[in-house]
Amino acid sequence: MPVHKSVLKRERENEARRLANRINKSIVHTAKIRLDEAIAAKDKEAAYKKLSVFMSAVDKNAKRGIFHKNKANRLKARATKKVKVAFNELAPVAE
């Protein structure tokens, strides 16, 4: 690889971005685990608080471009559905 100033700078920038993205994805993953723990414990109030924290983290990552907006919406919809199913709050589907 050529040793040009711009190439070296680009490598530094990419590494910094990679680490930042990794940290932010880890925050979302941890929030998801905490949400799953609250659902497993059948603690409705805690589950909804953890859902809020999870959604906030996902939205922040979508805003920063770490997640695509459609992926963020998909993650939030699945988490919401999981909480509602766990506490029997999902409305029956009209057929």
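Residue separation times 0.36 nm, minus the C-alpha to C-alpha distance between R78 and A40: what's the value? Mind dumping the intermediate values first?
Working: separation 38, 0.36 × 38 = 13.68 nm, distance 1.59 nm.
So the extension gain works out to 12.1 nm.
What does the helix-only formula give at 222 nm for the chain: each DSSP H stretch with n ≥ 4 adding -39500 (n - 2.57), the total divided by the residues, and the result rounded to the nearest 500 deg cm²/dmol?
Details: 3 runs with 75 residues, N = 95.
Computed mean residue ellipticity for the chain: -28000 deg cm²/dmol.
Would you work out which of L8, L90, H29 lies farthest towards the positive end of the dipole of the chain? Charges go on Cβ: Lys and Arg +1, Asp and Glu -1.
L8
Give me the base-10 log of I(q)/I(0) for the chain at each q in 0.18 Å⁻¹, Debye formula, one uniform scatterer per Cα, rounded to two decimals.
Result of the Debye calculation: -0.83.
Coordinate-derived values only; no laboratory data. Nothing here was measured: the structure is a model prediction, and the numbers come from that model. Cβ coordinates were reconstructed from backbone atoms using ideal geometry, including for glycine residues, and neighbour counts include every protein chain displayed.
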